[in-house]
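Colleague: Here it is, the structure, as structure tokens.
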Amino acid sequence: MNNEIVIDDAWFTVSQIDAETFAISEFGHWEKVHSFLLLGQERAALIDTGLGIDQIKRMTDQLTDLPIIVLTTHVHADHIGSHGQFEEIYVHEAEEDWLVSGIKGLGIEQIRKDMSRDITRPVPETFDPTSYKPYQGKPTGLLRDGDVVELGGRSLKIYHTPGHSPGHIALFDPSRGYLFTGDLLYDETPVYAFYPTTDPEALLNSLDTISRIPEVKRIFGSHNTIGLDPSWLKVAQHAAQDLREKDLVRYGTGIHTYEGLRIQF
Ligand SMILES: [Zn+2]
Ligand SMILES: [Zn+2]
């Protein structure tokens, strides 16, 4: 199933997943980041706000007049870039301090290097990689495992899925069977937990957690292909089991491949 491209802006590409669900993608950057806009009847949820190279609100303004709440999959630079453009921001309680005081485990030089390399589209003049700084600020509220965010006729269930980062969440939309997996599960490039602040065992436990969610019809990771078949959950579950059996759940064991899924420790 291909998603129709409804806006191809200088920096962002908007694909329509259904009438009330959009992916806002940054294909000009090597990370191929997606943020997702979900419209309810009363408000809209924006899952992450991208790299911050350009301002994502320019796109959400074209897609909805509803008030927008930002739900943060996790506090890494490529997911919180345009947080500062929105009034209402939510984050898992385990990463509140990162949002307020800065991301732990990754130096600013590394962040700037990753942010500015391998860019294939013209960036806006406002983007300066030498002074780039990830968003910092106080969230409106905190998310916990099992929370349900109501959008009006549509809701999102929050799953705490640590491992890639301590306060990582996945979000499930039971109205459509969509599972938004952030950096826990995506295709093409390795999902990873290989440096301090990541936790390989927790990552595998989180893959188990999402593979137990019933009625998943489509999986949306934050990078690479938009929309994966639910059979990926079976692959993820098998990967977790196999890595444990082979005693590979430690930093430095490398990249482990299970069909299209790659996991790097
Ligand atoms: Zn991440
Ligand atoms: Zn990411």
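Colleague: Let me spell it out: the conditions are (1) at pLDDT 95 or above; (2) within 16 Å of ligand 1 (Cβ to nearest atom), and P196 meets all of them except one. Which number is the exception?
Modeller: With (1) at pLDDT 95 or above; (2) within 16 Å of ligand 1 (Cβ to nearest atom) applied to P196, the lone miss is (1).
Colleague: Sticking with this one: When you scan segment 1-116 for helices (runs of 4 or more DSSP H) that lie fully inside it, which ones turn up with 3 or more residues that are within 23 Å of T225 (Cα to Cα)? I'd like the intermediate steps shown before the answer.
Modeller: Values: elements: 57-63, 96-101, 108-116.
Because the criterion is at least 3 residues that are within 23 Å of T225 (Cα to Cα), the helices (runs of 4 or more DSSP H) in segment 1-116 that meet it are 57-63, 108-116.
Colleague: Considering segment 36-52 alone, what residues qualify as being within 16 Å of ligand 1 (Cβ to nearest atom), touching a strand residue (DSSP E or B) at 6+ places or on another chain (Cβ under 9 Å) and over 18 Å from V191 (Cβ atoms)?
Modeller: Across segment 36-52, the qualifying residues are T49, G50, L51.
Colleague: Which condition from (1) within 18 Å of S165 (Cβ to Cβ); (2) surrounded by 14 or more Cβ atoms within 10 Å (Cβ to Cβ) is the one that Y195 breaks?
Modeller: Status for Y195: all satisfied but (2).
Colleague: How many residues are closer than 24 Å to G105 by Cα, within 12 Å of the chain's Cα centre (by Cα) and within 13 Å of ligand 2 (Cβ to nearest atom) when one looks only at segment 170-189?
Modeller: Total meeting the criteria: 6.
Colleague: Right, here's the next one. Is it true that some residue in segment 76-85 is within 11 Å of ligand 2 (Cβ to nearest atom) and closer than 21 Å to V6 by Cα?
Modeller: no
Colleague: Here's a follow-up. Tell me, yes or no, whether segment 102-112 has at least one residue that is modelled with pLDDT of 95 or more, within 16 Å of ligand 2 (Cβ to nearest atom) and under 22 Å from G141 (Cβ atoms).
Modeller: Scanning segment 102-112 turns up no residue that is modelled with pLDDT of 95 or more, within 16 Å of ligand 2 (Cβ to nearest atom) and under 22 Å from G141 (Cβ atoms).
Colleague: Does S165 count as more than 16 Å from ligand 1 (Cβ to nearest atom), of a type in the set (S, T, Y) and not in a helix (DSSP H, G or I)? Can you show your working first?
Modeller: Details: more than 16 Å from ligand 1 (Cβ to nearest atom): no; of a type in the set (S, T, Y): yes; not in a helix (DSSP H, G or I): yes.
No; evaluated as a whole, the condition is false for this residue.
Colleague: So which residues in segment 216-239 are of a type outside the set (F, W, Y), away from ligand 2 (no atom under 16 Å from the Cβ) and either touching a strand residue (DSSP E or B) at 6+ places or on another chain (Cβ under 9 Å) or part of a strand (DSSP E or B) (or both), if there are any at all?
Modeller: Step one: of segment 216-239, the residues of a type outside the set (F, W, Y) are 216-219, 221-231, 233-239.
If we keep only those that are away from ligand 2 (no atom under 16 Å from the Cβ) as well, we get 216-218, 227, 229-231, 233-239.
Across segment 216-239, the qualifying residues are V216, K217, R218, G227, D229, P230, L233, V235, A236, H238, A239.
Colleague: Give me the pairs, please: first residue somewhere in segment 186-205 and part of a loop (DSSP other than H, G, I, E, B), second residue anywhere and polar (S, T, N, Q) and modelled with pLDDT of 95 or more, beta-carbon distance under 6 Å, and either six or more positions apart or on two chains.
Modeller: Matching pairs, first to second residue: Y186/N224; D187/N224; D187/T225; E188/N224; P190/Q264; F194/Q264.
Colleague: Is there any pair linking a residue in segment 91-115 that is free of Cβ contacts under 8 Å to residues at least 60 places away in the same chain to one that is part of a loop (DSSP other than H, G, I, E, B) and of a type in the set (A, V, I, L, M, F, W, C), with Cβ under 6 Å and at least six apart or on different chains, and which?
Modeller: L99/V75; I103/V75
Colleague: Cβ contacts < 8 Å: first residue on the phi > 0 side of the Ramachandran plot and at pLDDT 95 or above, restricted to segment 207-223; second residue part of a loop (DSSP other than H, G, I, E, B) and more than 16 Å from ligand 1 (Cβ to nearest atom), any location; separation 6+ or different chain. Result?
Modeller: E215/P174; E215/G177
The values are calculated or read from the model by the stated rules, or taken from the named source; none is laboratory data. These numbers were taken from a predicted model, which means no experiment stands behind them. We place every Cβ from the backbone using ideal geometry, glycine too, and count neighbours over all the protein chains shown.
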